[in-house]
Amino acid sequence: MYAVIETGGKQFKVTKDDVVRVPKINVEVGANIEFFPMLLSSDEEAVTVGTPHVSKTKVVTSVLGHGKAAKVLVFKMKRRKGYRRTKGHRQEYTELLIQDIVTRK
């Protein structure tokens, strides 16, 4: 069984017991989060695609921790002008453990 959730403007395909890094969510470590409605859900029999959401499915997750991704360097330069700029960016993330995908009939 799998589902597609949306958080932080991005979509993630998740299954039970997956560990997923999503854009930062302001919750405490150890807290439980429910994602619903879903964009897509699948069980053993069929795939249900939402238009735009599947309202009878939710994903239960717990927060494992917060962190920052590897640094991405942004370098700008104009040749023969002496113009150089370097910036770095580290995107914050929240690590989630997918505990269960619950479907209501």
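The values are calculated or read from the model by the stated rules, or taken from the named source; none is laboratory data. Since this is a predicted model, take the numbers as computed values, not measurements. We place every Cβ from the backbone using ideal geometry, glycine too, and count neighbours over all the protein chains shown.
Per-structure values
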quantity: Residues of region 53-105 that turn out to be among the basic types (Lys, Arg) and either in contact with a helix residue (DSSP H, G or I) (Cβ under 6 Å, 6 or more places away or on another chain) or without any contact (Cβ under 8 Å) to a residue 24 or more places away in the chain (or both), as a count; calculated: 10
quantity: Per-region count, region 79-105, residues in a strand (DSSP E or B) and either β-branched (Val, Ile, Thr) or surrounded by 11 or more Cβ atoms within 10 Å (Cβ to Cβ) (or both); calculated: 13
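Per-residue answers, yes or no, for (1) exposed (fewer than 15 other Cβ atoms within 10 Å of the Cβ); (2) out of contact with any strand residue (DSSP E or B) (no Cβ under 8 Å at 6 or more places or on another chain); (3) basic (Lys, Arg); (4) modelled with pLDDT under 95:
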{"site": "23", "(1), (2), (3), (4)": "yes, no, no, no"}
{"site": "32", "(1), (2), (3), (4)": "yes, no, no, no"}
{"site": "52", "(1), (2), (3), (4)": "yes, no, no, yes"}
{"site": "61", "(1), (2), (3), (4)": "no, no, no, no"}
{"site": "71", "(1), (2), (3), (4)": "yes, no, yes, no"}
